[in-house]
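Right, one structure below, let's go through it.
The values are calculated or read from the model by the stated rules, or taken from the named source; none is laboratory data. Predicted model, so just to flag it, every value in this text is computed and none were measured. Glycine also receives a Cβ, built like all others from the backbone with ideal geometry; neighbour counts cover every protein chain displayed. Note: accessible area is taken over every heavy atom of the protein model, side chains too, but ligands, DNA and RNA are not part of it. Shrake-Rupley method; radii C 1.70, N 1.55, O 1.52, S 1.80 Å.
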Amino acid sequence: MAAKKVSDSTPNMIETFKEFKENKNIDRMTLVSVLEESFRNVIAKIFGSDENFDVIVNPDKGDFEIYRNRMVVPDGEVVDQNKEISLSEAQKIDEDYEIGEDVSERVDFTKFGRRAILNLRQTLASKILELEHDSLYNKYKDRVGQIVSGEVYQMWKREVLLVDDENNELILPKSEQIPADQYRKGETIRAVILRVDNENNNPKIILSRTSPMFLERLLEGEVPEINDGLISIKNIARMPGERAKVAVESYDERIDPVGACVGVKGSRVHGIVRELCNENIDVINYTSNIKLYIQRALSPAKVSSINIDEENKKAEVYLKPEEVSLAIGRGGLNIKLASMLTGYTIDVFRELEEEEAEEDIYLDEFADEIDQWVIDSIKRLGIDTAKGVLNAPREMLVEKADLEEETVDNVLRILKAEFEN
């Protein structure tokens, strides 16, 4: 049987797939398999089965051939027209055919009409999308925690859409952006791969610039001793875009881990600080001695003494009055980061002079002037005396006792008046 030409519409589908193959680097075997499966799906819908069809795809040339195989049966005894052909019909193809022989007949796919061609295109598009998703997922599934660069493609209120060097979409949610970040379409930005979601085979690559992992990877890139395993990053605490604390440990006693990470005049962290929108980075020496660790974490404040409750992961830190504000930091930032870094809830107290510590009054004695629920809220912090309240930072009383500022100020006024009297 003479080969028939395939109409122009079908080669267009092959060209479409060839273009996809070039963009996504799909191997030839996969390409052939997808094309064949797409044709077989349509054939099965038309004939009820694709069992007796041969599909030959040549993606390199951009063409294909379909053959239907049927057995020759006597005239009038055809039961299944898809699998059987009468002798007279077979001999129209080739007069030498006899009963019992197999007839392999070339099928002109375009003769099945527009609906079949449209069905094929839809099936092919679905398979292409599925392959594209698989390719994206396989590329990124094992790269969580790595830094990736992407070009800003689209900016929305809740997220920024980036594209990588293969035009794959990457998502940077608003919650994972540094507050001071500003993006322009077309610019290249860096972020760490936070996670790879793959719900319903629809992979989403989620990035982050606020994760401690991002700072960790940036340090690895700037400090060779970390990359070489001579220095280990033990903990990182970040308030993105504002301040970060990093605890490091050296496995070589000749190497100062803090000095190595900071560099001469801060040379090794300057680039990281710029990348993180001027986020200040404090680097401290890690130690398993929790008291010393908390003391270092509260730097630049100088701690006088510390009481540790290991079971409840709490620490009471006593400082000279002039050191309290340093320990807390602007907006409570320093003490928050120290708590995040060490894993301990830290309460700071002003150190009392001996003469001040001699006389004190239990809070319950003020029940006639201060509401009992307010007293109870303060006592839940572990503070049960008047001087304990007066020596505790006002910010801590507001935040941790969950009291209004006006209420705290009223309590402080009443207690101060008592000692002034």
Review point. If we count every other residue with Cβ under 11 angstrom of G145's Cβ, Lys/Arg +1 and Asp/Glu -1, where does the sum land?
Key: 0
**Study point:** Length gained when the stretch N58-V264 is fully extended (0.36 nm per residue, less Cα-Cα span)
**Key:** 67.9 nm
Review point. Expressed as a whole percentage, what fraction of the accessible surface of the range 376-421 belongs to carbon and sulfur atoms when a 1.4 Å probe is rolled over the protein heavy atoms?
Key: 40 percent
Check your understanding: What order do Y362, Y140, Y318 take when sorted by accessible area (1.4 Å probe), most exposed first?
Key -> Y362, Y318, Y140
Practice item. Give the residue from G113, G150, T188 lying farthest towards the positive end of the charge dipole for the chain; charges sit on Cβ (+1 for Lys and Arg, -1 for Asp and Glu) and the dipole is referred to the Cα centre. Key: G113
Check your understanding: With each pseudo-label sitting 7 Å past Cα toward Cβ, what's the Q122-D364 distance in nm, one decimal?
Key -> 7.8 nm
Study note, to complete from the structure: With 0.36 nm assigned to each residue of separation and the Cα-Cα distance removed, T110 to N280 gains 54.5 nm
Study note, to complete from the structure: In terms of the charge dipole of the chain, which places +1 on Lys and Arg and -1 on Asp and Glu at the beta carbon, the residue among L337, L124, A367 farthest towards the positive end is L124
Exercise for review: Return the carbon/sulfur percentage of the accessible area of the range 112-223, one whole number, probe 1.4 Å, all protein chains in place.
Suggested key: 42 percent
Study note, to complete from the structure: Of all lysine pairs in the range 71-183 that are eight or more residues apart or on different chains, those with Cα atoms under 30 Å apart total 12
**Study point:** Given charges at beta-carbon only (K, R positive; D, E negative), |dipole| of the chain in Debye
**Key:** 1620 debye
Check your understanding: What is the spin-label model distance, in nm, from V273 to K45 if the labels are put 7 Å beyond Cα along the C-beta direction?
Key -> 6.3 nm
Point to revise | Listed residues L170, V269, V223: farthest to the positive end of the dipole of the chain (Cβ charges) | key: L170
Point to revise | Ordering of 307-314, 277-284 by packing [mean C-beta count within 10 Å, highest first] | key: 277-284, 307-314
Check your understanding: How much of L230 can a 1.4 Å solvent probe reach, expressed as accessible area in Å² and rounded to 10?
Key -> 60 Å²
Review point. For the cross-link pairs K313/K387; K234/K313; K265/K320; K291/K379; K234/K336; K245/K302, which exceed 20 Å when the distance is taken from alpha carbon to alpha carbon?
Key: K313/K387; K265/K320; K291/K379
Review point. What number in nm² do you get for the range 142-217 if you take the convex hull of its Cα atoms and divide its surface by four?
Key: 5.2 nm²
Review point. Is it possible to state the helix-based mean residue ellipticity at 222 nm for the chain, with each DSSP H run of 4+ residues giving -39500 (n - 2.57), the sum divided by total residues, to the nearest 500 deg cm²/dmol? What is it?
Key: -12000 deg cm²/dmol
Study note, to complete from the structure: Order by accessible surface, 1.4 Å probe, largest leading, for residues D181, D142 comes to D142, D181
Revision key, fill the gap. The FRET efficiency for N201 and R158, from their Cβ-Cβ distance with R0 = 35 Å and rounded to 0.05, is 0.90
Revision key, fill the gap. Labelled set [x] 3, 10, 10, 9, 9, 9, 8, 8, 7, 6, 5, 4, 3, 2, 2, 2, 1, 0, 0, 0, 0; [y] 5, 23, 33, 26, 10, 3, 0; [z] 4, 15, 16, 14, 12, 10, 8, 7, 6, 4, 2, 1, 0; P(r) over Cα pairs in 10 Å bins from 0, in percent computed from this model equals the value at [z]
Check your understanding: Expressed in nm to one decimal, what extension gain is obtained for the pair S305 and L326 from 0.36 nm per residue of sequence separation less their Cα-Cα distance?
Key -> 6.0 nm
Revision key, fill the gap. Of the accessible area of the range 280-367, computed with a 1.4 Å probe and all protein chains kept, carbon and sulfur make up a percent value of 41 percent
Point to revise | Where the range 76-147 is the region considered: accessible area per residue in Å², 1.4 Å probe | key: 64 Å²
Check your understanding: Which order do H270, H133 take when ranked by solvent-accessible area (1.4 Å probe, heavy atoms of all protein chains), largest first?
Key -> H270, H133
Check your understanding: Hey, what's the range 304-403 come to in accessible area per residue, 1.4 Å probe, Å²?
Key -> 56 Å²
**Study point:** Two-site label geometry, R28 and N69: point separation in nm, points 7 Å out along Cα→Cβ
**Key:** 2.4 nm
